[in-house]
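Student: Okay, handing you the structure first.
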Amino acid sequence: MEEKNKAELELEFIKNIIKDSREKVEDSGLSSVIWGIIVVIGIMTNYFSGINHNWNYTLYVWGFILVSGWTYSYLSARNVKKKNMPETFGLKVQNALWSASGITMTIIALVCTIQYKRDISDFIPYPYIINSMAITPVISLILGISYYVTGSINDCKFTTRLAYGWWIGGIVLFYMKSYNTFPIFALMMILFQIIPGIKYYRRSKLNSAGK
Amino acid sequence: MPESEFDYKQLDDIIHSRIRLAIMSVLISVEEADFNFIKQNVKATDGNLSVHIKKIETAGYISVEKLFVDRKPLTKYKLTKKGKEAFKKYVERLERMLGR
């Protein structure tokens, strides 16, 4: 019986060490919060540009916030590299996934915003390959993929459920034909990215403090 | 279940030590780790950790890579295939002891 207890304790010990080590290399969630805020600012700029029929400064705002966001991501990746923090295979896949989807979403946001400006100025005849109103639903679907894969890699049901939120929201946005898609998308960003990001960040701070 | 199945002598001697088991568990959870990361998770002194790492390395369970990052020496440790198999066997044996 005593031997059995020892075996049980040993397995528990292994489990705890693995859990602690993984938690130390997990993403803190801060980048989700920062990128979420960036997108909310950009998308609300699009909204106000749309309702005021003035797209003169929209691209500059997007340019500024995207450069800031990518600079933050670059510095943050460099910091992790400097600390020689180990990586799990899952984290590698996750980082690659978010970089790839981030680049895709940046391209979509820029291309569609340029198109909005052109729609108003009538420089180029309409329609184009991608409808301007597709900016928010397409980004929602991409976020759905990223959240689903991230949730599956980390075996986290909460993150996987966020993907369903993005996909359902994406379907709703596809059927909307007004500038209201922007504040709705901003709300989704707050609910499905910024708030969960804050939750992950707080948990990661507690873990690193050893609580 | 026969009494012999609870025999601890069946367990791998190299892994069957608190610190060495912790080192192996850290390295199974990440792809590779430096000395400080292992120390932080194992909570052992430098000297003690070095001795145990050497023992696991001699058994061929981990590989060691010494390099320089920003002109500072850095030692990275990684589980070898043999090490991964030994760890897997160790855990399986423990589970068998518990009748899982």
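Student: Can you tell me the orientation of helix A:58-82 relative to chain A, as the angle in degrees between its alpha-carbon axis and the longest Cα principal axis, to the nearest 10?
Tutor: It is inclined by approximately 20 degrees.
Student: Does anyone have the angle between helix B:46-58 and the longest principal axis of chain B? Alpha-carbon axes, 0 to 90°, nearest 10?
Tutor: Approximately 70 degrees, to the nearest ten.
Student: Can you find, among A:V172, B:V91, B:I23, the residue sitting farthest towards the positive end of the charge dipole of the protein assembly as shown, where Lys and Arg contribute +1 and Asp and Glu -1 at Cβ?
Tutor: B:I23
Student: What is the average number of partner chain Cβ atoms found within 10 Å of a Cβ in B:28-35? If you can, show how the numbers build up before the last one.
Tutor: Details: counts 4, 12, 11, 7, 3, 7, 4, 1.
For this peptide, the per-residue mean of nearby foreign Cβ atoms is 6.
Student: Still on this structure, please answer the following. Cα-based Rg of chain A per 2.2 N^0.38 Å, rounded to two decimals? Don't skip to the end; give the middle numbers.
Tutor: Details: Rg = 20.8 Å, N = 211, 2.2 N^0.38 = 16.8 Å.
Here the Cα radius of gyration is 1.24 times the empirical estimate.
Student: Give me the angle, in degrees from 0 to 90, between the Cα long axis of helix A:2-25 and the longest principal axis of the Cα atoms of chain A, rounded to the nearest 10.
Tutor: Orientation of helix A:2-25: about 30 degrees from the principal axis.
Student: Quick one: length gained pulling A:R161 to A:N52 fully straight, 0.36 nm per residue minus the C-alpha distance? Kindly include the intermediate steps, with their values, before the conclusion.
Tutor: Values: separation 109, 0.36 × 109 = 39.24 nm, distance 3.61 nm.
Result: 35.6 nm gained on full extension.
Student: Calculate I(q)/I(0) for region A:1-76 by the Debye formula, one identical point scatterer on each C-alpha and no solvent, and give its log10 at q = 0.12, 0.16 Å⁻¹ to two decimals.
Tutor: Each listed q maps to, in turn, -0.55, -0.71.
Student: What distance in nm lies between label points placed 7 Å from Cα along the C-beta direction at A:F64 and A:L191?
Tutor: Spacing of the two 7 Å Cα→Cβ label points: 3.0 nm.
Student: Which entries of A:K81/B:K66; A:K157/B:K78; A:K4/B:K76; A:K19/A:K205 have Cα-Cα distances beyond 24 Å here?
Tutor: Working: A:K81/B:K66 17 Å; A:K157/B:K78 30 Å; A:K4/B:K76 35 Å; A:K19/A:K205 15 Å.
The pairs that break the limit, which is 24 Å between Cα atoms, are A:K157/B:K78; A:K4/B:K76.
Student: Follow-up. On average, how many beta carbons from a partner chain sit within 10 Å of the beta carbon of a residue in A:6-16?
Tutor: Working: counts 4, 11, 3, 1, 11, 6, 0, 4, 11, 2, 2.
Per residue, the number of nearby Cβ atoms from other chains is 5 on average.
Student: Using Cα pairs under 8 angstrom and six or more residues apart, how large is the relative contact order of chain B, in percent?
Tutor: On the way: 97 pairs, mean separation 31.0, N = 100.
31 percent.
Student: While we're looking at this one, here's another question. Once Rh for chain B is found with the Kirkwood sum over Cα pairs, what is the Stokes-Einstein diffusion coefficient at 25 °C and 0.890 mPa s, in µm²/s?
Tutor: Numbers: Rh = 14.4 Å.
Stokes-Einstein gives a translational diffusion coefficient of 170 µm²/s.
Student: Okay, next question. How high is the FRET efficiency from B:E31 to A:M176, r the C-beta distance, R0 35 Å, rounded to 0.05? Present the calculation step by step, with values, prior to reporting the outcome.
Tutor: On the way: r = 44 Å, r/R0 = 1.27.
Using R0 = 35 Å, I get an efficiency of 0.20.
Student: Quick one: net charge of B:V26's neighbours, Cβ under 15 Å, K/R +1, D/E -1? Mind dumping the intermediate values first?
Tutor: Values: positive: A:K15, A:K19, A:R22, A:K24, B:R18, B:R20, B:K39, B:K43, B:K76, B:K78, B:K84; negative: A:D20, A:E23, A:E26, A:E87, B:E31, B:E32, B:D34, B:E57.
In short, +3.
Student: Could I ask something else about it? Show log10 I(q)/I(0) for region A:12-122 at q = 0.10 Å⁻¹, two decimals, from a solvent-free Debye sum over equal Cα scatterers.
Tutor: The Cα Debye sum returns log10 ratios of -0.42.
Student: In peptide A:87-93, what is the residue-averaged number of other protein chain Cβ atoms found within 10 Å of each Cβ? Before the final figure, lay out the partial values.
Tutor: Details: counts 4, 3, 2, 0, 2, 1, 0.
That works out to 2 on average.
Here, each number is a calculation from the coordinates, and none is a lab measurement. From a predicted model like this one, the values you see are computed outputs, not experimental measurements. Please note: Cβ atoms are built from the backbone with ideal geometry, for glycine as well, and neighbour counts cover all protein chains shown.
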